[in-house]
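Coordinate-derived values only; no laboratory data. Since the structure is predicted, the reported quantities are computational estimates derived from the model, not experimental observations. Please note: Cβ atoms are built from the backbone with ideal geometry, for glycine as well, and neighbour counts cover all protein chains shown.
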Amino acid sequence: MNNFYKICLGLGLIFSTSYASMAQKATKYKCMLQMTNYMGEGAYIVVSLVDAKGAYEKTLYIMGSDKKWYPDFKEWHKFFKKKPTNISAITGASVTGGDRSVTTFEIEDSKINKGYTLRFESAVEDKKYYVKDLEVPLTTEGLAAKTEGTGYIRYVRLSAN
């Protein structure tokens, strides 16, 4: 019986080592987001991983936790309705005009330099919705650069943790 446990333990170690080597390696990135000095309510911002064809692949972070406003993100919400996920662990406070927000999220290393982008969508109550307020190309250069926004976001800067 003792040999049986040793064999099971050995097989368990082999399988767990194999599984760990198959898992995608990911890097944590600190994201510093600076808002423009707009007037109005706090902005809700969705950060998504978008593939080379422009299709949503994954929601990385949401600034704004009141789910009643999520349908205002028309493009992202289409994806979210088709592929609902538990987003409670990746939500935070909305961001008001002129404020700065610092968040952290993980990006799989296999997505870098493969045509992916980070899309920042923004919406403010009773104001315009920006599908592509800002997009950061997931390239070595793109991740190191300061990227300017086109709507409520002034700029975003990423740094690997």
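Numerical summary
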| read-out | value |
| --- | --- |
| Any chance residue 112 is closer than 13 Å to residue 61 by Cα, surrounded by fewer than 20 Cβ atoms within 10 Å (Cβ to Cβ) and not charged (D, E, K, R) | no |
| In the range 129-149, residue farthest from residue 48 (Cα to Cα) [restricted to those that are part of a strand (DSSP E or B) and of a type in the set (Val, Ile, Thr)] | 147 |
| Residue match in the range 119-127 (condition: touching a helix residue (DSSP H, G or I) at 6+ places or on another chain (Cβ under 8 Å), over 19 Å from residue 53 (Cβ atoms) and loosely packed, with under 14 Cβ neighbours inside 10 Å) | yes |
| Every residue from the range 144-159 that is more than 11 Å from residue 34 (Cβ to Cβ), surrounded by fewer than 20 Cβ atoms within 10 Å (Cβ to Cβ) and over 16 Å from the mean Cα position of the chain (by Cα) | 144, 145, 150 |
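Results for (1) free of Cβ contacts under 8 Å to residues at least 60 places away in the same chain; (2) more than 15 Å from the chain's Cα centre (by Cα), shown as yes or no for each residue.
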{"residue": "43", "(1), (2)": "no, yes"}
{"residue": "68", "(1), (2)": "yes, yes"}
{"residue": "72", "(1), (2)": "yes, yes"}
{"residue": "76", "(1), (2)": "yes, no"}
{"residue": "103", "(1), (2)": "no, no"}
{"residue": "119", "(1), (2)": "no, no"}
{"residue": "126", "(1), (2)": "no, yes"}
